[in-house]
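These notes are about the structure you will find just below.
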Number of protein chains: 2
Amino acid sequence: MLGSSQAIEANVYGGRVSSSAVPTSEPADRFERGTIRRIEAKEHVFCDGDPRTHVFRIEEGVIALSKLLGDGRRQIIEFAYPGDYIGLGTLREHIFDAQATCAAKVRCLSAAALEQEASRDASLALRLYKAVSAELAAARSLLVSVGQQSAMERLSGFLLSLSTRAPSESDETVVKLPMRRSDIADLLGLTIETVSRTITKLRTMRVIDVVRGTEVHILDSERLAELAGQ
Amino acid sequence: MLGSSQAIEANVYGGRVSSSAVPTSEPADRFERGTIRRIEAKEHVFCDGDPRTHVFRIEEGVIALSKLLGDGRRQIIEFAYPGDYIGLGTLREHIFDAQATCAAKVRCLSAAALEQEASRDASLALRLYKAVSAELAAARSLLVSVGQQSAMERLSGFLLSLSTRAPSESDETVVKLPMRRSDIADLLGLTIETVSRTITKLRTMRVIDVVRGTEVHILDSERLAELAGQ
DNA sequence: AACGGTTTGTAACAGTTTGTAACGGAGAAA
DNA sequence: TTTCTCCGTTACAAACTGTTACAAACCGTT
């Protein structure tokens with residue numbers, strides 16, 4: 001995203017349409033050359049309260065940004081997909097956990113160097129501005145869903161947003177869920193059981209089909225869009 | 001906020017701690033000199049879908065940023081208070097409504113001029129970056145509340161956030177609510193009735209007192225903080 | 001192949017929140 | 001003053017979601 005000057009489309013449910021598919025036209029600057037770090041499923045990239053030393057770009061897998069409440073409740077703020085950046089912002093410390101939902105790879109960039117460079121380079125600063133603006137739009141979209149929509153609307157919208165990310169081939173789109181039910185529940189402000197019930201309902205309505213729990217076949221994307229609230 | 005280089009404190013429930021109290025140390029640049037526009041209660045500053053021609057700084061009153069769903073449901077994204085900016089971002093068109101909850105004044109700044117200047121001036125671009133980062137933090141905080149907290153927790157937290165904004169004098173903080181119950185409900189993802197019932201409960205618990213519907217006296221801020229989930 | 005642990009699915013029940021409606025007060029308009 | 005409207009409060013029933021419990025499926029390991 002930072003590497004592209006394309007218009008950035010905000011997207012519901014935490015993600016953004018990744019620009020990783022669009023080869024960056026700019027010369028690879030120093031911020032494209034950080035070291036790669038492998039992250040196992042459920043491993044943390046950083047924790048709430050950690051000093052914000054690095055910004056990370058997702059290279060592979062999915063990272064969940066989340067806030068943990070004292071009594072164990074958890075809200076996932078967004079899922080970061082390949083091409084997305086996490087750890088942007090101006091605070092000294094992270095205020096969220098960043099945890100891989102599945103095996104992942106991230107590129108580590110020095111936050112201090114990034115900001116120092118941005119204070120001299122207006123175009124880099126503007127890229128930061130645009131990146132955070134896109135995150136803001138995504139967070140607000142999710143807020144609208146969680147604040148106003150029913151469980152069915154939220155889940156339908158979430159599946160739709162995943163399907164736009166996946167390579168939509170033939171009439172029947174297949175989405176591989178790269179996270180657990182509990183992650184989806186914590187993103188949408190629901191419980192695992194409600195997520196499970198709603199998926200079952202979508203299946204009995206023949207809107208989707210689920211194979212081995214993680215492979216969602218979208219049989220009627222039009223109906224799914226209606227259920228998501230247009 | 002843009003006018004200050006101070007650290008920006010993110011705040012739950014849509015607002016930010018305004019920097020308007022801190023006199024800007026920088027020379028008044030062109031973006032501090034837009035024309036002032038008076039807004040009546042319930043009047044729109046801009047609407048969802050309008051071309052994004054201006055950025056506005058709140059001078060007086062409160063502006064509610066909100067998204068209207070097809071069937072009338074509404075989610076308020078944030079309340080903007082004096083010193084805050086609305087209309088930032090990189091999209092061509094607004095994707096939210098901006099409506100005054102009470103009589104207000106805003107300063108109008110050309111979006112095109114702002115962005116053109118930012119593409120040359122790294123420090124301005126960084127200020128935009130920081131401003132949007134603060135909005136992002138606020139949006140995420142609200143998301144956590146709406147996604148995970150009970151009606152009582154959300155309302156207590158909202159009242160607390162208002163009290164930190166108000167001049168906290170003696171032992172008994174007084175908060176003047178600059179918006180209607182429906183605005184609070186739409187911010188917190190509740191109904192008017194639930195807001196009303198919860199306020200009544202807080203009153204019978206002698207945590208707050210309400211005078212003429214709009215004046216909230218916080219009698220036991222410690223208890224209120226507990227109810228808000230610490 | 002068998003085994004534990006994790007994850008998911010299903011069901012009954014409880015609880016909070018909502019929807020609907022009625023009532024009352026404050027303020028504006030006549 | 002009277003009337004009207006808007007807003008806030010309260011009550012009751014209903015709906016959705018959460019809670020709890022348990023069974024089934026899946027996974028990696030032994």
Exercise for the section: State the three equivalent ellipsoid semi-axes of the stretch A:30-144, derived from the C-alpha gyration tensor as the square roots of 5 times its eigenvalues, in descending order and whole Å. Expected result: 22, 17, 14
Fill in the blank from the handout: Per residue of A:197-206, other chain Cβ atoms within 10 Å number on average 0
Fill in the blank from the handout: Given unit charges at Cβ for Lys, Arg (+) and Asp, Glu (-), the dipole magnitude of the stretch A:124-230 about its Cα centre in debye, nearest 20, is 300
Practice task
Find the sum over both chains of the accessible area lost when A and B are paired, probe 1.4 Å, and report it in Å² to the nearest 100.
Solution key: 3700
Practice task
For the stretch B:30-146, give the percent of accessible area contributed by carbon and sulfur heavy atoms, probe 1.4 Å, rounded to a whole number.
Solution key: 47
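Counting only protein heavy atoms and a 1.4 Å probe, tell me what percentage of the stretch B:149-227's accessible area is made up of carbon and sulfur.
Numbers: 1920 of 3910 Å².
The nonpolar share, carbon plus sulfur, comes to 49 percent.
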Completion exercise
Of the residues B:Ser156, B:Thr200, B:His217, the Cα lying farthest along the dipole of the stretch B:149-227 towards its positive end, which is defined by charges on the beta carbon of Lys, Arg, Asp and Glu, belongs to B:Thr200
Practice task
Using a 10 Å cut-off on Cβ atoms, rank the peptides A:65-71, A:38-44 from the highest mean neighbour count down.
Solution key: A:65-71, A:38-44
Problem - Amide hydrogen neighbours beyond the local backbone of A:Cys102, cut-off 5 Å, H modeled - result: A:Lys42, A:Val62
Practice task
May I ask you to find the residues of the stretch B:80-107 that are shielded by at least 50 Å² of accessible area once the whole protein assembly is considered instead of their isolated chain (probe 1.4 Å)?
Solution key: B:Thr90
Completion exercise
In whole Hz, the Karplus estimates of ³J(HN,Hα) for the stretch B:189-203 (6.51, -1.76, 1.60; θ = phi - 60°; x where Gly or Pro) are x, 10, 9, 4, 4, 5, 4, 4, 4, 5, 4, 4, 4, 4, 6
Fill in the blank from the handout: With the full set of protein chains present, the residues of the stretch B:134-162 whose 1.4 Å probe accessible area falls by 20 Å² or more relative to the chain alone are B:Glu135, B:Leu136, B:Ala137, B:Ala139, B:Arg140, B:Leu143, B:Val144, B:Val146, B:Gly147, B:Gln148, B:Glu153
Problem - Nearest-first distances (nm) between copies at A:Arg38, label 7 Å from Cα via Cβ - result: 6.8
Fill in the blank from the handout: Expressed in nanometres to one decimal, the distance between label points 7 Å along Cα→Cβ at A:Asp48 and B:Ala225 is 1.7
Problem - Set of lysines near B:Lys42 by C-alpha distance (under 23 Å), chain-local residues within fewer than 8 positions excluded - result: B:Lys67, B:Lys105, B:Lys176
Fill in the blank from the handout: Under the Karplus relation with 6.51, -1.76 and 1.60 and θ = phi - 60°, whole-Hz ³J(HN,Hα) for the stretch B:83-97, x at Gly and Pro, equal x, 7, 10, 10, x, 6, x, 10, 7, 5, 10, 5, 10, 9, 8
Practice task
Please work out whether the stretch A:152-221 counts as rounded, prolate or oblate from its C-alpha gyration tensor, where a ≥ b ≥ c are the square roots of the eigenvalues and a/c under 1.5 means rounded, while otherwise a/b larger than b/c means prolate and anything else oblate?
Solution key: prolate
Problem - Cα gyration tensor category, rounded, prolate or oblate, for the stretch B:82-230 with a/c compared to 1.5 - result: prolate
Practice task
Give me the distance in nm between label points sitting 7 Å out from Cα along the Cα-to-Cβ direction at A:Glu60 and B:Lys176, one decimal.
Solution key: 6.0
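The values are calculated or read from the model by the stated rules, or taken from the named source; none is laboratory data. Because the structure is predicted, anything quoted here is derived from the model rather than measured. When we count neighbours, we look across all protein chains shown, and the Cβ atoms used for this are built from the backbone with ideal geometry, even at glycine. When the accessible area is computed, the model is the full protein with side chains, heavy atoms only, and any ligands, DNA or RNA have been set aside. Shrake-Rupley method; radii C 1.70, N 1.55, O 1.52, S 1.80 Å.
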